[in-house]
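Trainee: Starting off with a structure, shown below.
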Amino acid sequence: MLRTIKNLKRLLGIATIVASENALFIFDELRVLPVLGIIGRLLPSGSRSKGERLAAALEKLGPTFIKLGQALSTRSDLIGDELADALSRLRDKLPPFPTQTTIAIIESEFAAPLSSLYSEFSSEPVAAASIAQVHKAKTKDGRDVAVKILRPEIEKAFARDLELFFWLAEIIERRLSDSKRFKPKQVVATFKETVFFELDLRFEAAAATELANNIKKHEPGFRVPGIDWSLTSQRVMTLEWIDGIPMNDIEAIRASGFDTDEILAKAARSLFSQVFVDGYFHADLHPGNLFVDKNGDIAAVDFGIMGRLDWDSRLYMAEILRGFLTQDYRHVAKMHFKAGYVPSGKSLEAFTQACMAVAQPIVGKPVNEISVAHLLGQMFNIAAEFEMETQPQLLLLQKTMMVTEGVGRMLNPKLNMWELTRPLVENWAREHFGVKAQIKDGVDDAMEIARKIPQVLRSFETALARLSSPEGLQLHPDSIQKLNEARSREHRQWLQLAWAALALAATLGLLQLL
């Protein structure tokens, strides 16, 4: 009861701010405090769209709501295409906090005066976002670095707002019969996990280091700044300063003599490597986080939001993408069923037709004519009809692909970046999902059977010994004799199975070498 009263009070305060931007419609659509939604319908909407009004309200509500809006921008299945598109452009900017506060945080974290840590430190931040702000500095050994500092009291603000979000998610799941398929509570839990990593800059530093170690093996044209771990803590992170041209300054990129098509190819290849080869990718690749350095390479910053895909998800996503690129919609449908994304009782033929209906209109078009947000919205509508549950592990990937398309559109509106990755995706899928991979799986399965045979035989011996012992179950002598005869037969059968498994493993191994 106390929880409800506290959250209702907080919710009414939020409603006042939302009303100031004429965005009360959101309460109507969420079916929470419907009276507020009714009031919203009575107010004039003005010239701004629903999405623009909601984005403005979230910006006023502060850091947690800005981050929530960005997270919801991946969920067109929950909020629709128009709102998702508007929230994807939500500005993650807040007024900077005082430099004296910044210095106090740094000195507290390292228990040392600022002058002993950096030889220079900018008096004004170069960027101020909802979670942290960044200052330019120079280390004692003369390296230019960026210093990222968490906002003061940011953890308390997020904890308070997350409690409200969980309460609202519980109400939505109780009141909306079809909401469980969209997993509102899981959405909030995923959001909480993401925020947890962003509120400890050591995790971001580790993410940058892991991404750097991965990407340098596959795509040297994609740079990740190095971390200075001696000047990194929970609330402060120091990393290499990136000098470069912002990715959205196309004129400056061209004026520097760089080929925008080659830069786009590097972006496409690096995303492929991150997603499919490593299963670990930068999930916030908007133009503000991307630069072109003096060598024409892409340099990324801000590693607070990262995505990770397990091996099976990568395999299925590669096959699904390959199916769309080759217009093999039956293969796309089969992969959805094989992955368990669509319940097995649904019609494969009907789902194949649905995939074609969604994808065919955009096949072969240039990037400037393709709306991935619209495509994803249509796919989610189809998902509802086929009782397909939302796959949380793919949400960040979907958002990343949309944002990367936007970058590609800026670099060359006529070049389809997915066509650039098509050979990579097809080769990778064939290698890991084709005959060669199946042979390897067969070898592994056969060897696993062979490894388990001695254990099974020992268990069989133990069970017989216990049955025939004086302390165990008493058996008639004729029964014991029959069991011994059966044991001899079992020995022979297991030995035959062992030799068969080993022979199969050897045969498959030879085939793999051919």
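Trainee: Kindly indicate the residue of region 75-118 that is among the small types (Gly, Ala, Ser) and out of contact with any Gly (no Cβ under 8 Å at 6 or more places or on another chain) and also surrounded by the fewest Cβ atoms within 10 Å (Cβ to Cβ) among those meeting that condition.
Mentor: 111
Trainee: If we scan region 346-365, do we find a residue that is at pLDDT below 75, assigned to a helix (DSSP H, G or I), assigned by TED's automatic domain parsing to the domain that holds residue 426 and surrounded by fewer than 18 Cβ atoms within 10 Å (Cβ to Cβ)?
Mentor: Among the residues of region 346-365, at least one is at pLDDT below 75, assigned to a helix (DSSP H, G or I), assigned by TED's automatic domain parsing to the domain that holds residue 426 and surrounded by fewer than 18 Cβ atoms within 10 Å (Cβ to Cβ), which makes the answer yes.
Trainee: Could you list, in sequence order, all residues of region 235-264 that are out of contact with any strand residue (DSSP E or B) (no Cβ under 8 Å at 6 or more places or on another chain), part of a loop (DSSP other than H, G, I, E, B) and not acidic (Asp, Glu)?
Mentor: 248, 257 - these are the residues of region 235-264 that are out of contact with any strand residue (DSSP E or B) (no Cβ under 8 Å at 6 or more places or on another chain), part of a loop (DSSP other than H, G, I, E, B) and not acidic (Asp, Glu).
Trainee: Across region 215-234, what is the number of residues that are modelled with pLDDT under 95 and part of a helix (DSSP H, G or I)?
Mentor: Within region 215-234, residues that are modelled with pLDDT under 95 and part of a helix (DSSP H, G or I) number 4.
Trainee: Given the options 437, 429, 446, name the one that is at pLDDT below 70, surrounded by 16 or more Cβ atoms within 10 Å (Cβ to Cβ) and more than 14 Å from residue 268 (Cα to Cα).
Mentor: Being at pLDDT below 70, surrounded by 16 or more Cβ atoms within 10 Å (Cβ to Cβ) and more than 14 Å from residue 268 (Cα to Cα) holds for just one of 437, 429, 446, which is 446.
Trainee: Can you tell me which residue in region 192-216 is farthest from residue 148 (Cα to Cα), limited to those that are in contact (Cβ under 8 Å) with a residue 12 or more places away in the chain and of a type in the set (D, E, K, R)?
Mentor: Taking the candidates together, the pick is 192.
Trainee: Any residue at all in region 56-63 that is within 25 Å of the chain's Cα centre (by Cα), not assigned by TED's automatic domain parsing to the domain that holds residue 397 and not in a helix (DSSP H, G or I)?
Mentor: The answer is yes; a qualifying residue exists.
Trainee: Please work out which one of (1) aromatic (Phe, Trp, Tyr); (2) touching a Ser or Thr at 6+ places or on another chain (Cβ under 8 Å); (3) closer than 30 Å to residue 101 by Cβ is the condition residue 281 fails and give its number.
Mentor: Just one mismatch for residue 281, condition (3).
Trainee: Just to be sure, is residue 222 under 30 Å from residue 268 (Cβ atoms) and surrounded by fewer than 21 Cβ atoms within 10 Å (Cβ to Cβ)?
Mentor: No.
Trainee: Out of curiosity, is residue 202 crowded, with 19+ Cβ neighbours inside 10 Å and farther than 30 Å from residue 1 by Cβ?
Mentor: no
Trainee: Counting only residues that are assigned to a helix (DSSP H, G or I) and touching a residue at least 40 places away in the same chain (Cβ under 8 Å), how many does region 109-125 have?
Mentor: Residues flagged as assigned to a helix (DSSP H, G or I) and touching a residue at least 40 places away in the same chain (Cβ under 8 Å) within region 109-125 amount to 2.
Trainee: Moving on. Taking the condition over 15 Å from the mean Cα position of the chain (by Cα), in a helix (DSSP H, G or I) and surrounded by fewer than 17 Cβ atoms within 10 Å (Cβ to Cβ), does residue 322 pass?
Mentor: no
Trainee: Going by the structure shown, is residue 121 out of contact with any Lys or Arg (no Cβ under 6 Å at 6 or more places or on another chain) and either basic (Lys, Arg) or at pLDDT below 95 (or both)? Steps first, answer last, please.
Mentor: Values: out of contact with any Lys or Arg (no Cβ under 6 Å at 6 or more places or on another chain): yes; either basic (Lys, Arg) or at pLDDT below 95 (or both): no.
Criteria not met by residue 121.
The values are calculated or read from the model by the stated rules, or taken from the named source; none is laboratory data. Bear in mind that the values here come from a model prediction, so they are computed numbers and not experimental data. As a convention, Cβ positions derive from the backbone with ideal geometry for all residues, glycine included, and neighbour counts pool all protein chains shown.
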